[in-house]
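Notes follow the structure.
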Amino acid sequence: MKAKKGFTLVEILIVVVILGILAAIVIPQFSQASTEAKLNSCRSSLQSLRSQIELYKIQHNDQPPALADFAAQMTTYSDANGNTNATKDVANGFIYGPYIQQVPTNPWNNSKAVNDIAGGGNQEGWVYDQTTGAIYVGVANAPDAVVTELQATDDAL
């Protein structure tokens with residue numbers, strides 16, 4: 001009578017324990033990578049917004065976009081006074097823009113809202129100072145370590 005070939009219960013338990021240890025090591029690495037990806041996305045969006053606001057100011061006599069019309073002024077055509085139009089209309093002076101396709105999403109809270117810096121407390125999406133054109137990341141729902149890192153680089157309020 002031949003012995004059947006196969007794994008013993010002890011061998012299977014050893015493999016399961018090894019896989020559990022590897023999973024415990026790898027899973028936190030993916031979590032950290034996700035946070036880093038959000039942080040880099042946030043910085044990239046912020047850099048794009050800041051550069052396009054500066055371009056807007058150059059083309060509009062050093063006047064930043066108004067908070068009330070921020071999305072429209074940044075995503076459509078405008079004239080030198082900041083009036084907007086959905087299409088380019090050279091005859092009527094709508095020759096500037098669009099500066100961005102859409103307001104980017106803040107990866108920490110999935111908000112595209114642009115709120116007034118003077119509003120205090122409502123920090124979802126992006127925080128904007130319409131008097132200077134300065135824009136920052138709203139840090140609502142961001143982990144404390146990320147808030148600290150963003151504030152250290154003056155990217156968040």
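Observations
- Single residue of the stretch 1-21 satisfying the filter (not in a helix (DSSP H, G or I) and not basic (Lys, Arg)) that is modelled with the lowest pLDDT: Met1
- Selected residue (only one of Val147, Val103, Val137 is β-branched (Val, Ile, Thr), surrounded by 20 or more Cβ atoms within 10 Å (Cβ to Cβ) and closer than 29 Å to Thr35 by Cα): Val137
- Among the residues of the stretch 128-157, those identified as under 18 Å from Ala68 (Cα atoms) and out of contact with any helix residue (DSSP H, G or I) (no Cβ under 7 Å at 6 or more places or on another chain) are Gln130, Thr131, Thr132, Ala134, Tyr136, Gly138.
- Considering residues of the stretch 97-146 that are of a type in the set (Phe, Trp, Tyr) and in a loop (DSSP other than H, G, I, E, B) only, the residue farthest from the chain's Cα centre (by Cα): Tyr99
- Scope the stretch 82-105; condition out of contact with any helix residue (DSSP H, G or I) (no Cβ under 8 Å at 6 or more places or on another chain) and farther than 22 Å from Asn115 by Cα; matching residues: Ala86, Thr87, Lys88, Asp89, Val90, Ala91, Asn92, Gly93, Phe94, Ile95
- In the stretch 70-86, of all residues being over 19 Å from the mean Cα position of the chain (by Cα) and of a type in the set (S, T, N, Q), the one that is surrounded by the fewest Cβ atoms within 10 Å (Cβ to Cβ) corresponds to Asn81.
- Taking the numbered list (1) modelled with pLDDT of 90 or more; (2) within 20 Å of Ile53 (Cβ to Cβ); (3) of a type in the set (Gly, Ala, Ser) in turn, Ala91 passes all entries but (2).
- Selected residue [modelled with pLDDT of 95 or more and out of contact with any Cys (no Cβ under 7 Å at 6 or more places or on another chain)] from Gln151, Gln52: Gln52
- For first residues located in the stretch 35-57 and closer than 15 Å to Gly97 by Cα, partners that are assigned to a helix (DSSP H, G or I) and lie 6+ apart or on another chain with Cβ distances below 8 Å form the pairs Gln52/Met74; Ile53/Met74; Tyr56/Gln73; Tyr56/Met74.
Matching residues to (1) of a type in the set (A, V, I, L, M, F, W, C); (2) at pLDDT 95 or above; (3) over 30 Å from Asp144 (Cβ atoms); (4) surrounded by fewer than 18 Cβ atoms within 10 Å (Cβ to Cβ):
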| residue | (1), (2), (3), (4) |
| --- | --- |
| Val26 | yes, no, no, yes |
| Gln29 | no, no, no, yes |
| Ala33 | yes, no, no, yes |
| Ala37 | yes, no, no, yes |
| Asn40 | no, no, no, yes |
| Ser45 | no, no, no, no |
| Asn61 | no, no, yes, yes |
| Pro64 | no, yes, yes, no |
| Ala68 | yes, no, yes, yes |
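- Leading residue by the ranking (nearest to Asp116 (Cα to Cα)) among those in the stretch 46-81 that are in contact with a strand residue (DSSP E or B) (Cβ under 8 Å, 6 or more places away or on another chain) and among the small types (Gly, Ala, Ser): Ala71
The values are calculated or read from the model by the stated rules, or taken from the named source; none is laboratory data. Here the structure is a predicted model, which is why all the values come from computation and not from measurement. Ideal geometry is used to build each Cβ from the backbone, glycine not excepted, and the neighbour counts take in all protein chains shown.
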